[in-house]
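Colleague: The structure that follows is given in the form of structure tokens.
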Amino acid sequence: MKIRTRFAPSPTGLLHIGGIRTALFSWLYAKHHKGQFILRIEDTDRERSTDEAVQVILDGMAWLGLDHDEGPFYQTQRFGRYKEVINELLENGHAYRCICSKVRLDKIRDEAMSRGDKPRYDGLCRSLNLTDENAVIRFKNPTDGDVVVSDQVQGDVIFENSELDDLIIARSDGSPTYNLTVVVDDMDMGITEVIRGDDHLNNTPRQINIFNALGAKAPNYAHIPMILSPEGKKLSKRDGAASVLQYRDDGILPEALLNYLVRLGWSKGDQEIFSIDEMVSAFDIKDVNKSASSINPDKLLWLNQHYIKNAENKLLLKPLTDLFLLMNINIENGPEIEDLIDIQKQRTETLKEMAEQSTFFYNDFEEYDANAAKKHLRPVILEPLKQLYDSLKSLETWDNDNIKSAIEKTANDLEIKMGKLAQPLRVAVTGAGVSPSIDDTLRLLGQDKTLKRLRKGIEFIENRSSS
């Protein structure tokens with residue numbers, strides 16, 4: 001039988017790393033077994049589902065390269081099928097209509113809680129054979145025996161049917177509920193493996209009972225532990241519960257994020273770096289840990305830096321260009337992006353950091369960094385900068401060797417250390433005290449822009465000296 005997995009997010013919130021890890025594990029399992037991966041959007045909650053959240057799901061999956069073999073399927077387009085199955089359950093005696101009011105249900109719940117019991121519906125309408133079309137419809141759960149969930153991560157988990165009440169599978173307006181739709185979808189789509197968060201584990205015995213009532217085989221289940229913050233708490237937006245696309249906008253490479261996520265709860269020996277092909281080859285859901293994993297932002301940055309350093313420049317071209325555009329940087333007013341990548345990729349942990357540290361190549365700055373200017377743009381360096389200006393202006397070929405030679409010659413002629421000249425020069429042409437090597441910086445800036453900014457630096461020192 002061909003393996004078929006699915007990722008079925010609800011667009012009631014933005015897709016975050018917990019959801020993406022679930023998608024990744026499901027995708028890897030399918031690829032490892034040469035099966036199929038299905039994308040399904042569970043959008044039946046129309047009040048909370050948004051088009052924006054749907055688009056984030058689609059864009060996030062595309063950005064990460066988690067391609068689906070079928071879909072995306074939308075539950076809102078399958079209401080007719082759900083109604084058909086609900087009617088089948090009613091006709092076969094596996095479901096019934098219930099007219100219990102909210103007041104009565106609240107009273108039952110409060111009484112159970114006061115006794116220390118688990119709140120559950122008492123089955124008042126179970127045998128009344130009601131025909132009210134405005135009633136909710138409940139699944140008639142078995143009252144004896146148990147359900148064994150043979151979970152590939154958690155092991156065998158046993159649920160007593162007596163502890164499971166008759167859940168609502170259709171609301172009074174006829175709309176289906178989650179536990180019904182997920183069963184119908186998994187059944188119709190031939191899903192063989194369901195990999196999802198362990199917060200769904202308590203839903204599983206109910207769903208298995210619905211499968212049984214429909215005469216269908218339930219999928220194999222694997223409930224993976226949730227991802228926690230570095231402090232071991234529930235993720236906040238600051239920790240990673242924001243949109244997965246925020247990682248893209250923060251300059252994280254998709255390969256780095258996938259490598260990071262696959263190691264949150266799964267491992268193969270001591271190996272830390274995994275290519276996509278290595279993940280597919282090695283991944284086994286049974287190797288996923290039962291305990292929750294905590295995120296480690298430093299680990300993600302370490303991985304991202306590794307992938308940036310080892311990436312072909314052309315592969316970084318589009319994402320870095322996109323970040324410049326996001327920052328409203330005119331990339332036509334500076335060096336070629338691939339040339340920039342070549343000198344910056346060894347120095348930065350993220351593409352966003354690379355972009356932020358490279359804006360001076362494209363945009364003129366209004367003010368110098370105050371600390372850098374105070375330390376390096378001083379009267380003592382005025383004459384060396386003027387002499388260097390003349391030397392750089394006379395260069396006929398603007399390349400690293402000639403630039404470096406001009407700086408070294410000026411330093412030697414004036415008997416000052418190279419760093420004593422290079423750092424003031426860096427501040428003058430970049431506005432700050434940090435940049436790539438000074439010859440690379442000047443080469444990418446170009447001769448005209450370098451001379452213009454160096455003249456501005458000289459005038460800054462002169463003006464400050466006379467004030």
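Yes or no, residue by residue, for (1) in a strand (DSSP E or B); (2) hydroxyl-bearing (S, T, Y); (3) at pLDDT 95 or above; (4) closer than 30 Å to N289 by Cβ:
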{"position": "L89", "(1), (2), (3), (4)": "no, no, yes, no"}
{"position": "G93", "(1), (2), (3), (4)": "no, no, yes, no"}
{"position": "Y96", "(1), (2), (3), (4)": "yes, yes, yes, no"}
{"position": "V103", "(1), (2), (3), (4)": "no, no, no, no"}
{"position": "M113", "(1), (2), (3), (4)": "no, no, no, no"}
{"position": "P119", "(1), (2), (3), (4)": "no, no, no, no"}
{"position": "G123", "(1), (2), (3), (4)": "no, no, no, no"}
{"position": "N129", "(1), (2), (3), (4)": "no, no, no, no"}
{"position": "D132", "(1), (2), (3), (4)": "no, no, no, no"}
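Colleague: Tell me which residues, restricted to region 249-291, are assigned to a loop (DSSP other than H, G, I, E, B), of a type in the set (D, E, K, R) and closer than 24 Å to T350 by Cβ.
Modeller: Matches in region 249-291: D250, R263, E272.
Colleague: Of these, G123, G71, G60, G93, which one is in contact with an Asp or Glu (Cβ under 9 Å, 6 or more places away or on another chain) and either surrounded by 15 or more Cβ atoms within 10 Å (Cβ to Cβ) or touching a residue at least 40 places away in the same chain (Cβ under 8 Å) (or both)?
Modeller: Result: G123 is the single residue among G123, G71, G60, G93 that is in contact with an Asp or Glu (Cβ under 9 Å, 6 or more places away or on another chain) and either surrounded by 15 or more Cβ atoms within 10 Å (Cβ to Cβ) or touching a residue at least 40 places away in the same chain (Cβ under 8 Å) (or both).
Colleague: Ok, one more. Do you know which residues across region 363-403 are part of a loop (DSSP other than H, G, I, E, B) and more than 18 Å from V434 (Cα to Cα)?
Modeller: Selection gives S394, L395, E396, T397, W398, D399.
Colleague: Could you please let me know if L89 is among the aliphatic types (A, V, I, L, M) and touching a strand residue (DSSP E or B) at 6+ places or on another chain (Cβ under 9 Å)?
Modeller: So L89 fits the description; yes.
Colleague: Still on this model: Looking only at region 261-297, count how many residues are within 16 Å of I227 (Cβ to Cβ) and either surrounded by 17 or more Cβ atoms within 10 Å (Cβ to Cβ) or not basic (K, R) (or both).
Modeller: Qualifying residue count, region 261-297: 16.
Colleague: Right, next: Being outside any loop (DSSP other than H, G, I, E, B) and touching a residue at least 24 places away in the same chain (Cβ under 8 Å) is the filter here, so list the residues in region 408-425 that pass it.
Modeller: Scanning region 408-425 gives T410, A411, D413, K420, L421, Q423, P424, L425.
Colleague: Does region 112-119 include one or more residues that are out of contact with any strand residue (DSSP E or B) (no Cβ under 9 Å at 6 or more places or on another chain), within 17 Å of R6 (Cβ to Cβ) and basic (K, R)?
Modeller: No, region 112-119 has no match at all.
Colleague: Filter region 131-151 down to residues that are closer than 12 Å to G93 by Cα and either surrounded by fewer than 17 Cβ atoms within 10 Å (Cβ to Cβ) or not assigned by TED's automatic domain parsing to the domain that holds C98 (or both), then give me how many there are.
Modeller: Residues flagged as closer than 12 Å to G93 by Cα and either surrounded by fewer than 17 Cβ atoms within 10 Å (Cβ to Cβ) or not assigned by TED's automatic domain parsing to the domain that holds C98 (or both) within region 131-151 amount to 1.
Colleague: Right, another one. Output yes when any residue across region 370-382 is surrounded by 14 or more Cβ atoms within 10 Å (Cβ to Cβ) and under 40 Å from the mean Cα position of the chain (by Cα), and no when none is.
Modeller: Yes, there is a match, as at least one residue in region 370-382 is surrounded by 14 or more Cβ atoms within 10 Å (Cβ to Cβ) and under 40 Å from the mean Cα position of the chain (by Cα).
Colleague: I need every pair where a residue in region 137-157 that is on the phi < 0 side of the Ramachandran plot and among the small types (G, A, S) has its Cβ under 9 Å from the Cβ of a residue that is surrounded by fewer than 20 Cβ atoms within 10 Å (Cβ to Cβ) and assigned to a strand (DSSP E or B), sequence separation at least 6 or different chains.
Modeller: Correct list of pairs: S150/D156; S150/V157; S150/N220.
The values are calculated or read from the model by the stated rules, or taken from the named source; none is laboratory data. As the structure is a computational prediction, the values presented were derived from the model and not from experiment. Because the Cβ atoms are built from the backbone with ideal geometry, glycine has one as well, and the counts that use them run over all protein chains shown.
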